[in-house]
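A short worksheet on the structure shown next.
The values are calculated or read from the model by the stated rules, or taken from the named source; none is laboratory data. Model, not experiment: these values are computed from the prediction. All Cβ positions, even for glycine, are placed from backbone atoms using ideal geometry, and neighbour counts span all protein chains on display. Ligands, DNA and RNA are excluded from the accessible area calculation, which covers all protein heavy atoms including side chains. Shrake-Rupley method; radii C 1.70, N 1.55, O 1.52, S 1.80 Å.
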Amino acid sequence: MVVNNLGEVIEFNSSFKTAINLYLSLNKTDKVLNYIPTKSSVRFLDEYLEAVLGKKEHATLLVGPYGKGKSHLLLVLIAVLSLNRNEENSKIINQLKNKIKSVEEIGNKTASDIEKVWKSKGFLPVIINDTKGKLNQAFLQALSDALKRDGLDDLVPDTYFSEALRRIDEWEVDYPDTFNSFEKAIKMQRFDVASIRASLKLYSNEALEVFEKTYPTVTAGSSFNPLASSEVLPLYKSVAEKLVEDYDYSGIYIVFDEFSKFIEGLDGTNAGNTMKLLQDMCELAVDSSNAQIYLTMVAHKSIKEYGRYLSPEIINAFTGIEGRILEKFFVTSSKNNYELIRSAIVKNQDKLKNILVFFLSDFISGLWDQFMEK
C-alpha cells in the first residue's frame, strides 16, 4: 500500500480555529460546539462559573498570550450565561457538557457547574471591542447594541445623543426653516445632516459638540439641555436593575475584548479621565448585589508589564484600577499545547488500519520467508 503524502492519513479538524472574534461569534452555537476543551481552559471556565454562582470576582483581567484559547473560553462562558433557555439550546448545552466531561480531574465538576448556571436566569452579554473613540462612547455603543440584539429596544436609554437625533428629526418634519438653518450651520463645520446623524448614532462626542454649538443659532439663543443622561455608570446600573426587575435576567456580563490594544493606543491627553471611568465601572461591578454586573477584560500582559513602554502619566492613571480588579493568568502547559494539537488533527482511521494491516502482513511474511530459508 502506497501513501503519497501525510494528508492521506491525517487532516486538520475543521473545528480548530486560531482566533475567535467574540463580537461576531457571540452565541453562535456551532462556534460553541467547536470549543476544544483542555484541562487548563476548563479549569478557568469553572473558575468563572463559580464566580457567577457565588456572586464574587465581579471585575477581572484575564491575562494570557495570543492563540491559547482565551476568547473561545469566554465565548463558551457567555453562551452558558446568556443563550435563551429553550429546548434547542438545552441540547447544545448538553453536548457541551458531554464534551467537557471527558477532561480528566475537572471535567465532571465543570459540567455540573454549567448545569447549575444554565438552570438560573441568564445575563445580558455586552461586548466592548471598538475603542477607537472615547471609552464612554464605547461603553454606550456596546450597551445599545446588546439591548437591540436581545430585542430590548424599549430599554435602550435616552442620552444626549438620542435626544439630539430626535430634535433633528422633529425639525425636518415640523420646522423646515429651523432644519434648513441647522443644515447650513453644520456645513460651516464640515458636517452634513447624514453624517451628523450617523455620528450621533455612534455616540460621537465631536458630533454632539457640533450639535450643541449650533443649537442656539437655530433656536433663538436657547441652549441644548435635555432631561437625559449620557453618563455611563447610572445607565448601566439602571439597565441592570430593570433587566432583573422586569425582564427576568440576572444582570449584565461585560467583556472588554482586546483590552491590550486599548491600553497601547492611549495617549496622555485624557488618560486620567479614561482610567477614572474604567475604575468606576470596576467599582460598580464589585458593588453590584441583586442586579449583578460582571466586567472581564482580556489582555496579553499583566498590568505591571505595561510600565515598560507606556508614559508615566498613563501608568499612574492605570495603577488607579489595579487594586479593583482580580488578575487571572491564563498560563498553559506543554501538555495543554499537546491537547490542542491532538484535537486539531483528525485521523483517517480506515486508512491507518489498512496501513497497519499491510505492514503487519508484510512483516509476518518476511519472518516466514526467513524461517523457511533456514
### Query
Quick one: would you say residue 233 is assigned to a helix (DSSP H, G or I), under 32 Å from the mean Cα position of the chain (by Cα) and within 19 Å of residue 169 (Cβ to Cβ)?
no
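Tell me, which helices (runs of 4 or more DSSP H) wholly within region 144-220 include 1 or more residues that are on the phi < 0 side of the Ramachandran plot, of a type in the set (Asp, Glu) and loosely packed, with under 15 Cβ neighbours inside 10 Å?
Numbers: elements: 160-174, 176-187, 193-201, 205-218.
Correct list: 160-174, 176-187, 205-218.
Residue-wise test of (1) in contact with a Lys or Arg (Cβ under 8 Å, 6 or more places away or on another chain); (2) at pLDDT below 95; (3) more than 27 Å from residue 125 (Cα to Cα).
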| position | (1), (2), (3) |
| --- | --- |
| 203 | no, yes, no |
| 206 | no, yes, yes |
| 221 | no, yes, yes |
| 227 | no, yes, yes |
| 234 | no, yes, no |
| 238 | no, yes, no |
| 242 | no, no, no |
### Task
Could you grab me the full set of residues in region 268-286 that are open to solvent by 10 Å² or more (accessible area, probe 1.4 Å) and touching a residue at least 24 places away in the same chain (Cβ under 8 Å)?
268, 270, 272, 274, 276, 277, 279, 280, 283, 284, 286
### Query
For residue 255, all conditions in the list (1) touching a residue at least 12 places away in the same chain (Cβ under 8 Å); (2) surrounded by fewer than 21 Cβ atoms within 10 Å (Cβ to Cβ) hold save one; what is the number of the exception?
(2)
### Message
Whether any residue in region 106-121 is surrounded by fewer than 20 Cβ atoms within 10 Å (Cβ to Cβ) and touching a Gly at 6+ places or on another chain (Cβ under 9 Å) is what I want to check.
### Response
yes
### Message
Give me the helices (runs of 4 or more DSSP H) completely within region 32-106, filtered to those with at least 1 residues that are touching a residue at least 40 places away in the same chain (Cβ under 8 Å) and within 17 Å of the chain's Cα centre (by Cα), ordered by residue number.
### Response
39-54, 70-82
